[in-house]
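So the structure is just underneath, and the comments pick up after that.
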Amino acid sequence: MQAIAQLKPPVPVTALIPTSRICPVAAPAPRDIITSMSGKTIEVINTDAEGRLILIDALTYAARLGCTHLVDAATLTGSVVVALGTLRSGAFTNNDAFLPR
């Protein structure tokens, strides 16, 4: 965000920082059903899912704010490091122009 502030882009930029604390007593348990901000229900299968659950709400909130382009800089997928190592980043996109060829 500091770099964006220095660049002063001609478009508005919104940053959302969804966070959660690891709290074993209040953590979702397997088979819990949680309702997201969008109204969709999610069955908890993996108890290490709080990051994904708050990401869902952050994306819904961003859409409600009118954000049209999203960059997720989350550290949710440790398996990307296992698959690609520490010198590359994984990317999920619906825009082929985003990915290098």
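The values are calculated or read from the model by the stated rules, or taken from the named source; none is laboratory data. Because the structure is predicted, anything quoted here is derived from the model rather than measured. FYI the Cβ positions are ideal-geometry reconstructions off the backbone, even for glycines, and counts take in every protein chain you see. Just so you know, the surface numbers come from the protein's heavy atoms only, side chains and all, with ligands and any DNA or RNA stripped out. Shrake-Rupley method; radii C 1.70, N 1.55, O 1.52, S 1.80 Å.
Listed values, structure above:
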| read-out | value |
| --- | --- |
| With every protein chain in place, the chain: carbon and sulfur % of accessible area (1.4 Å) | 58 |
| 1.4 Å probe accessible area per residue over the chain, in Å² | 87 |
| Accessible area in the full protein assembly, largest first, 1.4 Å probe, for PHE92, PHE98 | PHE92, PHE98 |
| Förster radius 41 Å - calculated FRET efficiency between LEU7 and ILE33, Cβ distance, rounded to 0.05 | 0.40 |
| Highest-MSF residue in the chain out of GLY39, GLY51, GLY85 [GNM, Cα springs under 10 Å] | GLY85 |
| Residue order for GLU43, GLU50 - accessible surface, 1.4 angstrom probe, largest first | GLU43, GLU50 |
| Debye, to nearest 20: dipole size of the chain, +1 on Lys, Arg Cβ, -1 on Asp, Glu Cβ | 240 |
| Solvent-accessible surface (1.4 angstrom probe) belonging to SER89, in square angstrom, nearest 10 | 110 |
